[in-house]
Amino acid sequence: MNREELLAKYAEVSVELYYRLERALAASARVEFSDGKARLMFAGEEQTLPMNGFYVLFDKCSSPKRIVRIGTHEPTNPNGLLPRLFNHFGGGKNRSILRKHIGSALLAEEPRKLAKWMLKKERGDAATERAVTAYMEEHFEAAFLPVEDLKALGPLEKYLISAVATATVTDPALSAAREGWLGNSCAEATVAEYGVWNDDHVKWRPKDEAELKKLLRTLEKYIGK
C-alpha cells in the first residue's frame, strides 16, 4: 500500500471510527452547563461519571449534532478528568485553550481586542469571557469515554482526535454541518480547517499499514468493533 492509498484508506476508516465512537458514547452519562452550574443526565440508575479518560464535546446546535472536541487530563494527574472539563467552563482563557480558541473566533472582526486576547500574559476581558461561557453553555454537551489505564491516554488522545478531525472533513454530512460554524473564524487555522475545537493531533496520520492496524486494535478495546 503506497502513501496515497494509505491516506485514502485512513480517511475511509476515520468515518467508520467516528460513528463507532458515537455509538459507544450513546449510553454515556451527559453533562450540560447553565448559569455556571452543571446538569447531569444519566442513562441508568447506577451510572456514575468517570474520573479518568476522555470528555467528548458535542455541538448540540449543529445539524446533525456532532463531535467538536475531544479532551483528556494529564496521565500524571489521576482522577483529573472532571476537574479538567469543569475548568474549561469556569476558568479563564489562559487556563483553557478551548476558551482561547472560542474567544478568538468571537473577536474575529475586532482586531485590537483579538490581538490583546491572544497575548499569553493578558487576562481575558470580562465581557469576552462571559461571551465564551455563554457560547459553550448554549452549544456544548459532554459525554465520557472511561479509560482507567492512564498510560493509554496519550496514544488514545492522538488516535481519537485525528480520527474525528479526519472524519469531519471526509464525511459529507459532517462536512456540511461546518457551514456557519463559529470555529471557521478561529485564529488557529487548524480549527477552521478541520472543523473541531482541537489543534493538537488533528494532522496526525499513520505512517504505514502496520500503524493503521495498531490504531484499529487500540481503539477497538474502548469503542468496540
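Candidate cross-link partners of Lys100 among the lysines, defined by an alpha-carbon separation under 29 Å and a same-chain spacing of 8 or more, comprise Lys37, Lys60, Lys65, Lys113, Lys116, Lys120, Lys121, Lys151, Lys158, Lys203. Computed log10 I(q)/I(0) for segment 42-81 at 0.20, 0.28, 0.31 Å⁻¹: -0.76, -0.90, -0.94, from the Debye equation with unit scatterers placed on every C-alpha and solvent omitted.
Summing Lys and Arg as +1 and Asp and Glu as -1 over all other residues whose Cβ lies under 12 Å from the Cβ of Asp125 gives a net charge of +3. Arrange the following residues from fewest to most other Cβ atoms within 10 Å of their Cβ: Glu4, Glu22. The most exposed by this proxy come first: Glu4, Glu22. Seen from Gly53, the other residues with C-beta closer than 11 Å to its C-beta sum to a net charge of -2, counting Lys and Arg as +1 and Asp and Glu as -1.
Among the trypsin sites (Lys or Arg not before Pro) in segment 4-94, those placed in a DSSP loop whose Cβ has at most 16 other Cβ atoms within 10 Å are Lys60, Lys65. Put simply, the chain fits an ellipsoid with semi-axes of 28, 22, 16 Å; these come from the alpha carbon gyration tensor as the roots of five times its eigenvalues, largest first.
Only one residue of Pro155, Ile223, Pro75 has its Cα farthest out toward the positive end of the dipole of the chain, where Lys and Arg carry +1 and Asp and Glu -1 on Cβ, and that residue is Pro75.
Quick note: the coordinates plus some simple rules give every number you see, no bench work behind them. Here the structure is a predicted model, which means the values were calculated and not measured. Neighbour counts are summed over all protein chains in view; Cβ atoms, including those assigned to glycine, are modelled from backbone coordinates with ideal geometry.
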